[in-house]
Amino acid sequence: MPRVEAQQKILWAEVVKESGGRKHRFTIRDLLADGRFRQAVLDFLSTVGVGGLVPAGEGAGSGASEWRLRELRE
């Protein structure tokens, strides 16, 4: 996951710049609540694919469907 790690570095560099060098004082919850970091967080999330569509047959949706089918057969 080098792409995610690179994006994390970009996100935290923006936090350090905007906060005057206090990266360690912020949690992700703080970043989401603080308007100074809004664009950096949104850029990070969009780059790593959070909130994207899951292709048919993959992810939790297919597992839930299989579970439901199994339940109906019983």
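The values are calculated or read from the model by the stated rules, or taken from the named source; none is laboratory data. Note that the structure is a prediction, hence the values are computed from the model and not measured. No Cβ is skipped: glycine too gets one built from the backbone with ideal geometry, and neighbour counts run over all protein chains shown.
Values as computed for the structure displayed
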quantity	calculated
All positions within the stretch 40-66 that are at pLDDT below 65, under 16 Å from the mean Cα position of the chain (by Cα) and in a helix (DSSP H, G or I)	GLY59
Residue pairs meeting the criteria (Cβ under 7 Å; at least 6 apart or on separate chains; first closer than 16 Å to LEU31 by Cβ, in the stretch 3-14; second among the polar types (S, T, N, Q))	GLN7/THR47
One residue from PHE37, PHE26 being at pLDDT 85 or above and surrounded by 13 or more Cβ atoms within 10 Å (Cβ to Cβ)	PHE37
